[in-house]
1. All other residues with a Cβ under 12 Å from the Cβ of CYS493 taken together, and with Lys, Arg as +1 and Asp, Glu as -1, what is their net charge?
2. Which value, in Å² and to the nearest 10, is the accessible area of ASP360 when all protein chains are kept and the probe is 1.4 Å?
3. As an exercise, use a Förster radius of 41 Å and the Cβ-Cβ distance of LYS509 and ASP381 to find the FRET efficiency, rounded to the nearest 0.05.
4. Any lysines with Cα under 23 Å of the LYS389 Cα? List them, leaving off those in the same chain fewer than 8 positions away.
5. Ranked by accessible surface with a 1.4 Å probe, highest first, in what order do LYS410, LYS518 come?
6. Using the Karplus equation 6.51 cos²θ - 1.76 cosθ + 1.60 (θ = phi - 60°), what ³J(HN,Hα) coupling, rounded to whole Hz, does each residue of segment 533-538 give in order, writing x for Gly and Pro?
7. When all protein chains stay in place, what accessible area (Å², nearest 10, 1.4 Å probe) is found for LYS382?
8. Of LYS214/LYS345; LYS406/LYS510; LYS518/LYS621; LYS410/LYS513, which pairs sit farther than 19 Å apart, going by alpha carbon to alpha carbon?
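The values are calculated or read from the model by the stated rules, or taken from the named source; none is laboratory data. Keep in mind that this is a model prediction, so the values were computed, not measured. Cβ sites come from the backbone with ideal geometry, for glycine too, and all protein chains shown count toward neighbours. Only protein heavy atoms, including side chains, enter the accessible area calculation; ligands, DNA and RNA are left aside. Shrake-Rupley method; radii C 1.70, N 1.55, O 1.52, S 1.80 Å.
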Amino acid sequence: MADLIDLKDIKLPRDQQLKQNLGSRPVKKLRDADFPDAGAAVRNQTHHRPEGAVDVLLVNPPTPDGGIWIRTQHRVGRRSREEMVWPQCSLAQLAAMLHPDYTFAIVDANAERMDWQEFEQILRERAPRFYLTQVTAPTLTNDMYGVMLAKSLGAETIAFGTHVTPMPMETMRDFPALDYIVRGEPELTFRELIDVVAGKEHEQPRWIRDLLAKTDPRWESWELRQAKAEAEVEMGATMTTTVVDPAMALLDASGSAMSPEARAGDGADPVSARRLGNGIVQEPQTAPVARSNGRGNGATSAAGTGATNGTTNGTRPGTGVAGGLLPTAPPVYPVPSDDDLRRVKGLVWREDGETRINVDRPFLPDLDDLPMPLHHLLPLDKYRMPLMKGPFTFLVTSRGCPAGCKYCIKHVTYQWSVRLHSPERIMQELWLLHDLGIHNIHMYADLFTVNREQVMELCRLIIKEELPIKWTCNSRVDYVDEEMLTVMGRAGCWLISWGIESGNEMILKKAAKGADPKKAHRALAWARNAGIKNWGYFIIGLPGETEETIRETIDLAKDLPLDIALFHVAAPYPGTPFFFDVVENGWFKEGTRWEEVDMDKGTVLEYDNLSADDLLEWQRKAFREWALRPGPAWTYLKMLFSDYHTFKRALRVGMEHFSWAVGVKGE
């Protein structure tokens, strides 16, 4: 133990002790707060952007639970219990709208099974000026997490898809990190928005201008607007009255046109209110797409099979973090005027803190005017489908459907605007995919057989040119005939997914499906005789459903020559007529959230005669009764052992379906 100090040697009088104790002094008068601004020291220091930085990052973000989800331009979102990985052909098409004028990359985090930590790293490495994301109702909050991350890194954020189109005001209100929504058909609105915000309208290539003018006769080029402005200055023209041009009008929350006076804000400086993201000067990337007609529709060969983890060169990004340790500011870019943004049809944006909805953009009249999708930027080797050996991808053959099914998401996408790709254009894309090493194709359309002439000519060309592909498609039972199905089988079609939905005619009529269940027997028999497998989709819980009508659906599914059957619970996706019926009749389960509007994981419906639990139990019962029979079991065993590369996936899918069907908790 240390020696004790003799206090007699250091003893002080009390008054001296108190004087030397600083704590004996009175507390000073309360001062005004004056907190330090550490950010000011680095605020004007623009960080060095990484070598791989791009103008635009187009993303299919990570999924809510790490599983495989279906999320695409004109389809609803749902968890894929069958582990079918949907190719992001919509992102490849949107990327083609930018080529070769901007640098860009595609990240399909769903296909790459990428988690949020890995995704954030890529965001930092790519440092995009613009961030474009898919958004669906069941993945809404999850998708907006990516928007928040991108915004925090300085990007201008853009969303498109089947949720934000019918719910623009609510989405912009609830997610302030979102800058823009592209409503409806996205290609032209997306390209025009990028040009306006980047200040490159005057540099638009001729094919973009021609397409804008062809789609909307009222569209005016930048040069024409400049010429008009100069003419007005020369003539001394002045505007003394307010005129709202219907082609440029904004809509308020009630859907009424707003005058410029009504749109006026509080005088806030738009530069401080809207900060643009990180941009770079970089040579445009090349793509294996011929632009023989100015639109990139020529078929060419390409090396490589796509981008690994969202990169454009098939290599993994580095591990360096952009910006270093200090939080430095992104570059400041010129801000587009509100008049410029007001002219972009189909756009939702913010003006002085208020959400503005521009008038809708007309549909593209001719799909052949679109450039060839940049398929080589997708991770093509990751896209898989049950019963299929090897990777596959989508090829869009048409948009729109003439049917009026109340539950279909078509009501908020392409509606009744049926437009076709020509068979010749489809063949060009098929050969391009062949040269990329893809020989399994899904003909992606709202209704592939919507036009018999197109289908027959396409099949004739496939047979004539001896294109070695196998392909699948969808159809309705009342849009086929025996001859057409026979020719489709000869041309390589081996599976058709049929929207059969219900075995009760009254239920189908109430849903405006308009198909007689009896026609299903005939159509599927024709397909089976043509060597085509049948995949049937059924819906439990459409309006008017009873236990008796559900039993009719199960019996029909068991009676049809089906190789695969999926049973979903009806989902009232926002904007569909079914959604409005559910709201009007109070069929939403109490406390429903958008993420629960999912036809696969659960249900948000609560009918007087069928509770949510009842509907889910009938869904499981339907699958049990159909699947646990010799025929479907044999189909599953053939799928299980057909390709050793997919054995584990097929086994996992089978176990998950079985656990779900028998009601095992946690599945």
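1. Details: positive: LYS470, ARG490, LYS533; negative: none.
Local charge sum for CYS493: +3.
2. About 100 Å², rounded to the nearest 10.
3. Values: r = 45 Å, r/R0 = 1.09.
For R0 = 41 Å, the calculated efficiency reads 0.40.
4. Cα-Cα hits under 23 Å: LYS470, LYS533, LYS638, LYS648.
5. On the way: LYS410 5, LYS518 140 Å².
Per-residue accessible area, sorted high to low, gives LYS518, LYS410.
6. 6, 10, 10, x, 10, 10
7. 80 Å²
8. Values: LYS214/LYS345 14 Å; LYS406/LYS510 9 Å; LYS518/LYS621 23 Å; LYS410/LYS513 13 Å.
As for pairs spanning more than 19 Å Cα to Cα, those are LYS518/LYS621.
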